[in-house]
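In what follows, a single structure is set out as structure tokens and then discussed.
The values are calculated or read from the model by the stated rules, or taken from the named source; none is laboratory data. Values in this document were obtained by computation on a predicted structure and should not be read as measured data. We place every Cβ from the backbone using ideal geometry, glycine too, and count neighbours over all the protein chains shown. Surface areas here come from the heavy atoms of the whole protein model, side chains and all, with no ligands, DNA or RNA. Shrake-Rupley method; radii C 1.70, N 1.55, O 1.52, S 1.80 Å.
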Amino acid sequence: MTCKSYNRHNFHKHTFCIFQEVDRTVLDPLQPQYTSKSGSTYYFTEEGVYRLSNHWGRAANCKWRLATISSQRYSGKVVGYAAWTSFFPDNDHELLYAIAIDFETLTAQYVHKASQDFPVTTVFRTASETLKRLKVLRQHLTEDQWLRYYNGDPTLVRQQILSEWNSSTLSLEVIKRKYL
């Protein structure tokens, strides 16, 4: 994958990025330089961009997530910052995404192929395949009903089955049957 350079003129065109929530006071000395039709305000610097917005996730043709300061869900407008080097290309046909599962918090997020180093066994998928799988994973992380059919520690069984499915091309049903 070629390493594309992002800046204020192209960061909003088919990109993936994880913005870091920052305190709103960082905007005090800055002047807004762009306001989108949806009401998000952008402040550009040489190193990156601040975004003041009440919506994160899909933004036009981009996938922009907000890593929040607290564990509580944000409400209202929040300021996120991303360095230009935090933006990565996004499209619907390349195998660009993997899923990171946190079994302690029972959460899962998709991660871009170029955003970090991955084990060689990592399975990358297209954006749509990843989102479909992520929906099922999140359901299996938060619901316990499906675990009643398995012997052993439910926490361990959940981790084994979902980890194997996340790093495999097999269907979830095939993997679940292996553990019955």
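So residue 160 fits all but one of (1) open to solvent by 80 Å² or more (accessible area, probe 1.4 Å); (2) more than 21 Å from residue 63 (Cα to Cα); what number is the exception? Every condition holds for residue 160 apart from (1).
Among the residues of the stretch 146-157, just one is assigned to a loop (DSSP other than H, G, I, E, B) and open to solvent by 90 Å² or more (accessible area, probe 1.4 Å), namely 151.
Which is in contact with a strand residue (DSSP E or B) (Cβ under 7 Å, 6 or more places away or on another chain) and either surrounded by 12 or more Cβ atoms within 10 Å (Cβ to Cβ) or assigned to a loop (DSSP other than H, G, I, E, B) (or both), of 63, 37, 13?
63
Of all residues in the stretch 163-180, those that are open to solvent by less than 30 Å² (accessible area, probe 1.4 Å) and farther than 23 Å from residue 96 by Cα total 1. Of everything listed in (1) among the charged types (D, E, K, R); (2) outside any loop (DSSP other than H, G, I, E, B); (3) touching a residue at least 24 places away in the same chain (Cβ under 8 Å), the single unmet condition for residue 177 is (3). Going through (1) part of a loop (DSSP other than H, G, I, E, B); (2) surrounded by fewer than 16 Cβ atoms within 10 Å (Cβ to Cβ); (3) modelled with pLDDT of 95 or more one by one, residue 25 falls short only on (1). Note on the stretch 112-145: among residues that are β-branched (Val, Ile, Thr), out of contact with any Phe, Trp or Tyr (no Cβ under 7 Å at 6 or more places or on another chain) and not in a loop (DSSP other than H, G, I, E, B), the one that is least open to solvent (accessible area, probe 1.4 Å) is 136. Could we say that residue 101 is modelled with pLDDT of 95 or more, among the β-branched types (Val, Ile, Thr), touching a strand residue (DSSP E or B) at 6+ places or on another chain (Cβ under 8 Å) and open to solvent by less than 70 Å² (accessible area, probe 1.4 Å) here? Yes: the conditions hold for residue 101.
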